[in-house]
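Structure first, commentary second.
Only the coordinates and a few stated rules stand behind these numbers; no lab work does. All values derive from a computational prediction rather than experimental measurement. For neighbour counting, all protein chains shown are included, and Cβ atoms are generated from backbone atoms with ideal geometry for every residue, glycine included.
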Amino acid sequence: MQTENWQEIEEAKKAAIEVLLHNAHGPYHGLPRTAGWGYPEPYTRDLMFSILGIAVSDNRKLMDSIRRVLETLAKNQTERGHIPSLVHDNDDRGASDTTPLFLLGVGIFRKKTGEHNFLQDAVAKALTWMEYQSPSDRYLVAQQPTSDWRDEQWVTGYGLFVNTLVYSYLRILGQDERADMFHREMSRFTITGGTIHHHVHEGLVVKHKPYYAFWSYKIHSSERFDLLGNSLAILSGIASPSRADDMVSWIEEECSAMKERGELALDLPPNFFPYINPEDPDWHPRYSKYNRPGEYHNGGIWPFICGFYVAALVAAKRYSLAKEKLLALTHCIKITNAEKLSFGFNEWLKAQDGKPMGQNWQTWSAALYLYAAKCVEDKKTPFFDEIRCKIKESKIDK
């Protein structure tokens, strides 16, 4: 990468820190804001994701703010162990991803600070809660539609994203025996036959796909591609190195095809594809207003998820491509719908034209940019490197 490109990345990193410091103190009990202006509330999932970028920033003020977030979540945890969707509101319940994100966040915080028993009682309760989320009383957990970060999209039963979080927190918290058993059950997300859904891949369906299904439950499943869930599958080592490499190649080929069809304007992958269209069987009437093709959860480009993708490229040892995508992400986070901002760190952008559609100065957009840049610079994936190493040491490969 050329010197001027690295200078551009350094400027973006400084801007990301500025965003996080600006958002570190909000109007709700002094807890961090989710976005600079539009979202003053402390949303649990956004702030838990931001731990990755904060941890690699080595900024003491930011680490202190995230400590307070974790401690407040522990205080607002329900009697049975569930973590609320808003850090300060223990009545805002029902999310499928907040409890696993809390467990992963505490694990990362412990690794960073060396406080190995940090929030131990809350962790124990949360682990018990998660065990009860398995309908089969085994390892994979299930969820209700619109209960994870996709509040406008249906994920039924065993969702890939939430289960990659579960596997990751099991590893980082040292629950290796359960993680080994969990890993063996992940084949549920591999679609190898059965009904070919022509509306999904428009004639390009293959029986043995390199990626993991969006969700699966009994005889039902969705073969659409979830960028966040599959990036976490690569980062955590659920996907083998060969599968990770094949998956990256498939993603890039699909994105090239989407650009040729006018479905994608930027050099970054959408969060979800192929987009769900009104004529598809998995279309819901509400999508016509809130989740149109190429927008929001139905294929919008989310900078925080692209940060995970860059990190996944590093985990897959696709270092040159990781640099390319980091530079593309650097250009993406500059896009703003406010004239006075040099960096927008917008929430999400429309896939077909790259127009910013969400809130500027989004906390997780800034934090995951910092994490992605650190991964590319060091050719390592902090915290996830250790998780992947555990797979080599486990009984899975013995």
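The label point for CYS389 and the one for THR78, both projected 7 Å from the Cα toward the Cβ, are 3.8 nm apart. Extension gain, ALA328-GLN144: 0.36 nm per intervening residue step, less the Cα-Cα distance, totals 62.8 nm. Run through region 309-343 and list the trypsin sites (Lys or Arg not before Pro) located in a DSSP loop whose Cβ has at most 14 other Cβ atoms within 10 Å. Those satisfying the criteria are LYS317, LYS340. Inter-part distance, region 265-287 to region 99-168, computed on C-alpha centroids, equals 26 Å. Please give the FRET efficiency for GLU260 paired with ARG184, using the beta carbon to beta carbon distance and R0 = 35 Å, rounded to the nearest 0.05. Once rounded, the FRET efficiency stands at 0.35.
Loop only by DSSP, 15 or fewer other Cβ within 10 Å of the Cβ. Give me the trypsin sites (Lys or Arg not before Pro) in region 87-149 that pass, ordered by residue number. Those satisfying the criteria are ARG93, ARG138. Of the cross-linked pairs LYS259/LYS340; LYS259/LYS317; LYS325/LYS355, those separated by over 20 Å at the C-alpha level are LYS259/LYS340; LYS259/LYS317. When you count the other C-beta atoms within 10 angstrom of each residue and take the mean per peptide, 44-50, 241-247 line up highest first as 44-50, 241-247.
Residue separation of GLU18 and GLU115 scaled by 0.36 nm, minus their Cα-Cα distance, works out to 32.2 nm of gained length.
Here region 219-258 and region 49-71 have alpha carbon centers that stand 29 Å from each other.
Counting only DSSP beta bridges whose two residues both lie in the chain, roughly 95 percent are antiparallel. Summarising the label geometry, the points placed 7 Å from Cα in the beta-carbon direction at GLU177 and GLU152 lie 4.6 nm from one another.
Computed from label points 7 Å out along Cα-Cβ, the spacing between SER136 and TRP283 is 3.3 nm.
The mean sequence distance of close C-alpha pairs (under 8 Å, at least 6 residues apart), as a share of the length of region 3-397, puts its relative contact order at 18 percent. Length gained on full extension, ALA124 to LYS218, computed as 0.36 nm times the residue gap minus the Cα-Cα distance: 30.9 nm. When peptides 253-259, 152-158 are sorted by average Cβ neighbour count within 10 Å, with the highest value leading, the order is 152-158, 253-259. The loop-placed GluC sites (Glu not before Pro) in region 276-351, going by DSSP, that have at most 14 neighbouring Cβ atoms within 10 Å of their Cβ come out as GLU279, GLU339.
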